[in-house]
Amino acid sequence: MSPNQLYQYSILSALMHGLAAKETGISIADLLAHGDHGLGTVASMNGEVIVVEGEMFHYPVSGAAPRRITADDVEGETLPFAMVTFFQPSMTRYLSSLSMSTLDTSLAPLLPDRQNSFLAIKATAFFNHVTVRSIPAQSYPHEPLSVLSKRQTEHTAECIAGTLFGFWSPEYSMGMSLPRSHMHFISADKQAGGHVVDFETETTDNKVKLEAAVMDEYTVRVPSTAEFHQESLSSGNPTELMAAEGAE
């Protein structure tokens, strides 16, 4: 694929219906053929995944050290949901500070000028704190994300260097992806990471590197399994989806 084309496997509302079996997912080799930066989850939604510079890491709910997942994984790992792109920034800014609350305004002029496009976002900095969450594995088949999120675990890392990567999705994408910003984190030493709930960088002299790219091509591949097509999937309840993803 060409740079800055968004490739997505499955849809977020499928996770809300608990469709996360290993047999439903995409292989690591197939996914990495479509992007070198991205995010997702593993089978049974057992933790969070980030892809940066072509390397994929899985952060389990326990907060234990992550594991790197490679295309030749002997266990045949798959991802039931993922979004990736070959990231090539079209905007780079150096900021004195950045936080969850200032992320959108810091992306100007891409926001609001391109608010109905998808954006890839990457921020590299030293953080005062980063709060991440991880979802536990399903305890029974088709256990929905909305139920799992009530057992999620949050961890806060303080005074830590690392990278945020994720996507801005337009409001009309509700149910396909998570509208607005959806970010995952990986520390510089690769030992901490997960789905970002909150963050704030240390105030420095333009040491925060914020990069972004507009993506006007959006490809979604849906699973072909009988499980995925067993019932009709809707975009779901926006309030429940946003709450499940920690974006209330």
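The values are calculated or read from the model by the stated rules, or taken from the named source; none is laboratory data. Predicted, not measured: the structure shown is a model, and the values here were computed from it. Positions of Cβ are generated from backbone atoms using ideal geometry, with glycine treated the same way; all protein chains shown enter the neighbour counts. Only protein heavy atoms, including side chains, enter the accessible area calculation; ligands, DNA and RNA are left aside. Shrake-Rupley method; radii C 1.70, N 1.55, O 1.52, S 1.80 Å.
For this structure, a couple of remarks:
- Efficiency of FRET from Cβ geometry, Ala71 and Thr204, R₀ 35 Å, rounded to 0.05: 0.40
- Summing Lys and Arg as +1 and Asp and Glu as -1 over all other residues whose Cβ lies under 12 Å from the Cβ of Cys159 gives a net charge of -3.
- Partner lysines whose Cα lies under 30 Å from the Cα of Lys207, excluding those fewer than 8 positions away in the same chain, are identified as Lys122, Lys190.
- Surface exposure of the chain, expressed per residue as accessible area with a 1.4 Å probe, stands at 42 Å².
- Value at 222 nm in deg cm²/dmol, rounded to 500, when DSSP H runs of n ≥ 4 in the chain each add -39,500 (n - 2.57): -2000 deg cm²/dmol
- Rounded, prolate or oblate (a/c below 1.5 giving rounded, otherwise prolate when a/b exceeds b/c) for region 5-245 by Cα gyration tensor: prolate
- Karplus (6.51, -1.76, 1.60) ³J(HN,Hα), θ = phi - 60°, over region 223-232, in Hz, Gly and Pro reported as x: x, 9, 6, 4, 4, 5, 9, 5, 9, 6
- Inter-part distance, region 12-55 to region 163-192, computed on C-alpha centroids, equals 13 Å.
- Extension gain, Glu231 to Glu158: 0.36 nm times the residue separation minus the Cα-Cα distance gives 21.9 nm.
- Cα-centred dipole magnitude for the chain, charges only on beta-carbon of K, R (+1) and D, E (-1), debye, nearest 20: 160
- The overall shape of region 1-113, judged from the alpha-carbon gyration tensor, is prolate: a/c is not under 1.5, and a/b is greater than b/c.
- DSSP-defined antiparallel bridges as percent of all bridges, region 1-121, nearest 5: 100
- Dipole-positive endmost among Tyr9, His155, Phe199 within the chain (Cβ charges, Cα centre): Phe199
- Heavy-atom surface analysis with a 1.4 Å probe gives region 5-245 a carbon and sulfur content of 49 percent of its accessible area.
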